[in-house]
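Take a look at the structure below.
The values are calculated or read from the model by the stated rules, or taken from the named source; none is laboratory data. The shown structure was predicted, so the numbers you read here are calculated from the model rather than taken from an experiment. Cβ atoms come from the backbone with ideal geometry, glycine included; neighbour counts cover every protein chain shown.
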């Protein structure tokens with residue numbers, strides 16, 4: 001059962017924030033480490049300077065030379081939403097700047113694996129590119145870059161993933177997580193890294209007089225792609241990322257976004273004029289990701305590239321269909337995984353610290369979501385595996401706060417050389433490849449590494465609340481203020497409150513969701529509340545009084561707007 005705690009604040013929290021801020025909002029910002037009014041400036045002028053992105057100027061020089069000589073530039077992206085937006089941004093911006101030969105290639109994960117592999121280089125070489133630019137991948141592509149170099153094709157690597165012990169011998173590498181990078185915003189997504197390279201390129205071309213005879217593109221036109229890729233990749237929303245997401249959301253709300261994004265929002269039933277970061281993360285992102293998970297991400301990239309609203313709608317429908325198929329596959333796999341865990345619990349008194357799950361019928365493109373779902377339910381690191389190339393299995397790992405999953409895999413690799421031939425990723429997510437017959441050995445090594453890093457307290461989920469709010473503050477005006485005060489997301493979570501309520505009415509929707517009418521403790525008004533997918537955890541009937549952890553929300557139905565509490569957790573008072 002999760003434990004609700006009040007979010008910690010420093011002793012001087014909020015002292016330098018504007019005095020006119022609503023007291024609740026001041027408390028919320030202070031709880032997220034915002035201590036200066038400058039951190040609330042989400043204007044483009046507050047973005048970190050391009051000069052700080054180590055390698056961006058050198059990458060721009062190489063790109064400019066190939067543009068001037070009308071050489072062929074090939075973008076090679078990743079097969080997720082960050083990779084798709086990075087690829088679309090690169091193609092659109094380079095063409096807008098006057099590049100005459102720009103194309104893209106995105107690897108099919110089932111045929112070529114992740115990143116710039118030698119196989120992808122061989123495929124790319126058929127079109128004789130003069131320059132390869134990786135986006136959202138490449139920092140671990142040692143063999144792939146070597147293959148390109150052997151063919152005389154220079155490579156610019158733009159990536160944000162953590163580097164391994166050996167770096168590829170690329171012509172230029174741009175990655176804020178490289179040891180020599182001076183860029184302060186280490187959580188920049190792949191789409192943000194290539195955006196900075198393109199900003200550097202535009203500045204360089206401007207110096208050269210390139211735009212004296214050409215129209216200079218406004219890079220703000222691509223901020224919708226920046227927002228989508230950044231939110232969907234679940235990177236922490238530090239100040240620089242919040243600026244990019246805020247500005248992108250503003251453009252989407254104003255109707256100035258790619259037709260593909262508008263079509264995906266419409267299919268998901270999310271009003272474009274009220275779009276929030278969560279809509280990008282939970283509605284648009286999964287539909288784009290479904291292409292890379294089940295088929296070929298080029299469908300998603302084409303949806304983002306097209307200027308034709310009708311074509312965008314057709315491609316969005318294809319993506320929506322793939323997403324429905326992905327959900328069905330995921331549901332079946334999740335049932336199988338829970339059966340495995342139930343059998344394991346019958347054999348042992350408790351589950352191991354880390355859960356390694358494998359079935360030879362599982363879909364390689366869905367194991368990441370499966371690992372995330374099992375992690376959320378059992379609150380411990382999870383790696384789900386599916387069949388890979390002959391004799392191998394591929395795993396997707398998801399972790400919990402306090403356990404850096406890539407570092408865990410690195411420890412396994414150091415302690416057991418050769419056990420994990422390939423791995424890479426972030427603190428909270430990673431991917432790896434194993435020889436199938438070494439699965440049991442890896443399970444043991446993985447849990448040994450976790451035992452060095454975890455204790456019993458790590459297994460108990462915590463819900464961080466921003467405290468209680470008075471019943472007088474429980475109104476639509478504050479809900480609207482909080483919605484506008486974002487963007488909220490990873491590392492900068494949406495405001496969450498807790499308090500005691502009397503349950504006035506209760507009913508189940510579709511046997512899964514709780515629809516309540518509640519009265520706050522010490523207040524006179526009654527408020528609607530909804531708890532999605534909470535029926536299994538909290539079966540009927542609910543007690544007369546409950547403690548709720550909730551978010552203030554505005555529910556719009558048939559043209560009417562009303563305050564609604566969105567329940568995250570509840571327990572008997």
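Data table
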quantity: Boolean, residue 107 is over 30 Å from residue 206 (Cβ atoms), buried (at least 20 other Cβ atoms within 10 Å of the Cβ) and assigned by TED's automatic domain parsing to the domain that holds residue 205; calculated: yes
quantity: Pairs with Cβ under 8 Å, 6+ apart, first in region 1-22 and at pLDDT below 75, second assigned to a loop (DSSP other than H, G, I, E, B) and surrounded by fewer than 11 Cβ atoms within 10 Å (Cβ to Cβ); calculated: 2/460; 3/460
quantity: Which listed residue, of 355, 409, is touching a helix residue (DSSP H, G or I) at 6+ places or on another chain (Cβ under 7 Å) and surrounded by 17 or more Cβ atoms within 10 Å (Cβ to Cβ); calculated: 355
quantity: Filter pass, residue 495 being in the same structural domain as residue 556 (by TED's automatic domain parsing), modelled with pLDDT of 95 or more, touching a helix residue (DSSP H, G or I) at 6+ places or on another chain (Cβ under 8 Å) and surrounded by 17 or more Cβ atoms within 10 Å (Cβ to Cβ); calculated: yes
quantity: Qualifying residue in region 195-208 (condition: outside any helix (DSSP H, G or I) and over 26 Å from the mean Cα position of the chain (by Cα)); calculated: yes
quantity: Residue check, residue 304 assigned by TED's automatic domain parsing to the domain that holds residue 288 and under 18 Å from residue 79 (Cα atoms); calculated: yes
quantity: Filter result for residue 230 (within 19 Å of residue 82 (Cα to Cα), at pLDDT 95 or above, out of contact with any helix residue (DSSP H, G or I) (no Cβ under 7 Å at 6 or more places or on another chain) and not in a loop (DSSP other than H, G, I, E, B)); calculated: no
quantity: Among residues of region 381-403, those that are outside any strand (DSSP E or B) and either at pLDDT 95 or above or within 16 Å of the chain's Cα centre (by Cα) (or both), counted; calculated: 4
quantity: Among the residues listed as 525, 564, 558, 519, the single one being buried (at least 20 other Cβ atoms within 10 Å of the Cβ) and either without any contact (Cβ under 8 Å) to a residue 12 or more places away in the chain or assigned by TED's automatic domain parsing to the domain that holds residue 495 (or both); calculated: 564
quantity: Any hit, region 77-95, residues being touching a strand residue (DSSP E or B) at 6+ places or on another chain (Cβ under 6 Å), without any contact (Cβ under 8 Å) to a residue 12 or more places away in the chain and part of a helix (DSSP H, G or I); calculated: yes
quantity: Test for residue 446: is it at negative phi, under 24 Å from the mean Cα position of the chain (by Cα) and buried (at least 17 other Cβ atoms within 10 Å of the Cβ); calculated: no
quantity: Criterion violated by residue 115 - all others in (1) part of a loop (DSSP other than H, G, I, E, B); (2) over 29 Å from residue 52 (Cβ atoms) satisfied; calculated: (2)
